[in-house]
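This report concerns only the one structure given below.
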Amino acid sequence: MKRLLSFLLAVLALTGCATAQQSGSGKLDHPGSVPILLGLDPVRQDLNLTPAQCGLLDALLADYKSQAKNLVELGNADMDSSLRSSWDLRSLRKQFNGRALSLLSQDQLSRFRQIERQMLGGQLLTSPAEQKLLGLSSDQQAQLAALGKDDQSRASAIMVKAQNGQLSPYWKGVKLRESSRQTSGRMLSVLTPEQNKNWLVLSGQKNGLPKVHDPNAKTESLFEGY
């Protein structure tokens, strides 16, 4: 269980500023870290991945985590380094997301998208494909963009405090995840009642992962809050 929860925290750490990092260079259909999510045993079991697929994903995940760790360490030097590191991490995530997704069958891709909705919540609404699927209006898309900018401002303020020694790495991560959670909720509130019903249907059957905010959670319900 500890290994599983550490993976989940890593997922949130790498997606905490996902919406914020999209401005200026296009939106991503997969704003989170696909290799990390596909590294979770319950997700692999849910998707019925073959041993061959798991072996390829293990190698991909190890490479991704190694490169991501180096970029994070480089970003600890100062604020400018942190900003460069964030953009480099985004590019790295996009590259490895594509490689990981290419290993899945069409049925697995469809189910994985459902798991992404459950895991990322409202942050997935920044995806152009998701916006088109739900029929979001231009006004709704503008609201989501504004919420993304607000998330970026809050994340930047947290990073400045961390750079100035006002926040430990632990509390920086806690505050970034909390900001991400709040943004997710606000983004979901942009949906109309009908769109929200469609979202719940599109999210599919809930995956059996524990709630990431509850270290004592059982394996029955990860995504009850969405």
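Most exposed first by the Cβ proxy, i.e. fewest other Cβ within 10 Å, how do E73, E178 rank? All intermediate terms of the calculation are to be shown ahead of the outcome.
Numbers: E73 11, E178 15.
Ranked by crowding around the Cβ, least crowded first: E73, E178.
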Checklist entry - Put +1 on the Cβ of each Lys and Arg and -1 on the Cβ of each Asp and Glu in region 2-203; which of G135, H30, A157 then has its Cα farthest toward the positive end of the dipole? => result A157
Next on the checklist: Give me the one-decimal nm value for the distance between modelled label points at K149 and A129, 7 Å along each residue's Cα-to-Cβ direction.
Outcome noted: 2.8 nm
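Past 30 Å, Cα to Cα: identify those pairs from K94/K161; K65/K132; K27/K65; K175/K206, in the order given. Don't skip to the end; give the middle numbers.
Values: K94/K161 28 Å; K65/K132 32 Å; K27/K65 23 Å; K175/K206 26 Å.
Where the Cα-Cα span goes over 30 Å, the pairs concerned are K65/K132.
Can you pull a Stokes-Einstein diffusion coefficient for region 2-203 at 25 °C (0.890 mPa s), Rh from Kirkwood over Cα pairs, as a whole number of µm²/s?
Numbers: Rh = 17.5 Å.
After rounding, the answer is 140 µm²/s.
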Item to check | Whole-Hz ³J(HN,Hα) from phi, Karplus 6.51 cos²θ - 1.76 cosθ + 1.60, for region 85-93, glycine and proline x | outcome: 4, 4, 5, 5, 5, 4, 5, 5, 4
Checklist outcome for this item: Ranked on Cβ counts within 10 Å of their own Cβ, fewest leading, W199, W87 go W87, W199
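Quick note: the coordinates plus some simple rules give every number you see, no bench work behind them. Predicted model, so just to flag it, every value in this text is computed and none were measured. Using ideal geometry, Cβ is built from the backbone for each residue, glycine included, and neighbour counts are taken over all protein chains shown.
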